[in-house]
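Quick note: the coordinates plus some simple rules give every number you see, no bench work behind them. As the structure is a prediction and not an experimental result, all values here were calculated from the model. In this analysis, Cβ positions are derived from the backbone assuming ideal geometry, glycine residues included, and neighbour counts consider all displayed protein chains.
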Amino acid sequence: MIFQAFHTKAAACVALMLLLSSGAQADDKTIVIGSGGATGVYYPVAISICRLFNAENKKNGYRCSVESTKGSIDNLKKLRAGTINFAIVQSDWQSHALKGTNVFANAKPHKDLRSLFALYSESFTVLARSNSKIARFEDLLGRRVNLGDPGSGQRATMDIVMRAFGWTRFSFSLTREFGSKLQAQALCDGEVDAIVFVAGHPSGTIKSATEKCSTNLVEVDGPVIDKLIEENDYYRKAVIPTSVYFKENSDIPTFGVNATMVATSQVPSSLLTLFLKSVFGNLDKFKTMHPALASLSLEEMKKDIMPAPLHDGAKFFFEKLHN
């Protein structure tokens, strides 16, 4: 019921924000948040932030709009190019962009990248068709797997996990690159045996698949994953509660990262203050706007995994918040 109500509200908000953003002009009174696919969690969370910002700052002439993107890596590239002002990204890809490593190895380290606050934890998630008999990540070997959309953080994270296991695309009998909009349908249509992505829970993609066909969450743990977590400080052990999707109540072990809000040092502190006040001045309301936000706390949002330096304006805002 909660999820259904959320989707009804979200659909209305999406329609409203698409209408608003369709005429957005790039000026110093308009801010744009890079999010993700419309069926993921980044998009409705960004919509929620824009709703709060617009309600607070309408009288000042400011407006906020949301851009649907391929996800973290796409967002970080757009942020660097200056086509968006803020972005929601996985903490691991925030780290790689800052250092100029992995998929950002051909670019210089993004020294202007700045953290603003942490959001919710995101779990590396594998969902399989029940009749495929895939229970553990290792069972994907030789199967038909959707790797995810190139340019998304989840696809790049899958590539890292594959390398850790010593796998390539040819380790599977078939690979697909469907984005978040299509992967649930591809799973239920029998085009693939499993889909892989990184998500906060509950996720609209998983909910859609579990309602349309018989599926199960897959365990992602063991020595290879333990080593991956040990060697990368932005990874952590995580569990996915099955109760948010199925009648049974158990925890599926996996690992995860954090969804984080970032900007660049070029964002003026005065504008950043308005942005942060919209969220933290309405934190209780913000936590009700999507199930993934329900457990947010001010302390965790300020200190959780954020590899890039805190924006000076954010530092000042949080210090003032304590006084």
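Using only helices, what value at 222 nm comes out for the chain when you add -39,500 (n - 2.57) per DSSP H run of length 4 or more and divide by the total residues, to the nearest 500 deg cm²/dmol?
Helix contribution divided over all residues of the chain: -12000 deg cm²/dmol.
Can you list the aspartates and glutamates whose alpha carbon is less than 16 Å from that of Lys237, not counting same-chain residues fewer than 8 positions off?
Counting by Cα, and skipping residues close in sequence, Lys237 has these aspartates and glutamates nearby: Asp92, Glu122, Glu219, Asp221, Asp226, Asp251, Asp304.
Please report the relative contact order for the stretch 32-149, taking Cα pairs under 8 Å with a sequence separation of at least 6, and give it as a percent rounded to a whole number.
Answer for the stretch 32-149 is 21 percent.
Suppose R0 equals 35 Å. What FRET efficiency, 1/(1 + (r/R0)^6) with r the Cβ-Cβ distance, do Ala164 and Leu321 give to the nearest 0.05? Intermediate values should be presented prior to the final figure.
Working: r = 40 Å, r/R0 = 1.13.
With a Förster radius of 35 Å, E is 0.30.
Suppose each label sits 7 Å from its Cα in the direction of the beta carbon; what would the Glu231-Leu174 distance come out to in nanometres?
3.2
Pick from Phe104, Phe172, Phe124: which residue has the top mean-square fluctuation in a GNM of the chain where Cα pairs under 10 Å get a spring?
It is Phe172.
Note down the relative contact order for the chain as a percent, whole number, built from C-alpha pairs under 8 angstrom at least six residues apart. Don't skip to the answer; put the middle values down first.
Details: 615 pairs, mean separation 77.2, N = 323.
The normalised contact order for the chain reaches 24 percent.
Ranked from highest to lowest mean number of other Cβ atoms within 10 Å per residue, what is the order of the peptides 274-283, 94-103, 251-260, 51-60?
Highest mean packing first, the order is 251-260, 94-103, 274-283, 51-60.
Mind checking which of Ile206, Val220, Pro253 is farthest towards the positive end of the stretch 122-257's charge dipole, using Cβ charges of +1 (Lys, Arg) and -1 (Asp, Glu) about the Cα centre?
It is Ile206.
Which distance in nm do the two modelled labels at Asn106 and Gln266 give, with both placed 7 Å along the Cα-to-Cβ direction?
Inter-label distance under the simple model: 2.2 nm.
So how much slack lies between Lys181 and Lys59, counting 0.36 nm per residue of separation and subtracting their Cα-Cα distance, in nm?
40.3 nm
Kindly put Tyr42, Tyr120 in sequence by how many other C-beta atoms sit within 10 Å of each C-beta, fewest to most.
With the sparsest Cβ surroundings first, the list reads Tyr120, Tyr42.
Where does each of Val239, Val89, Val220 land when they are ranked from fewest to most other beta-carbon atoms within 10 angstrom?
Val239, Val220, Val89
Suppose every Lys and Arg Cβ carries +1 and every Asp and Glu Cβ carries -1, with no other charges. What dipole size does the chain come out with about its Cα centre, to the nearest 20 debye?
Around 740 debye, computed over the chain.
Using Cα positions and a limit of under 20 Å, work out the lysines in reach of Lys58, with same-chain residues fewer than 8 apart set aside.
Lys29, Lys277, Lys285
How much of the DSSP bridge set in the chain is antiparallel, in percent, rounded to the nearest 5?
Of those bridges, close to 65 percent are antiparallel.
In terms of Cα to Cα distance under 17 Å, which lysines are near enough to Lys181, apart from those fewer than 8 places away along the same chain?
Lys70, Lys207, Lys212
Give the relative contact order (percent, whole number) for the stretch 122-257; include only Cα pairs under 8 Å separated by 6+ residues.
That works out to 35 percent.
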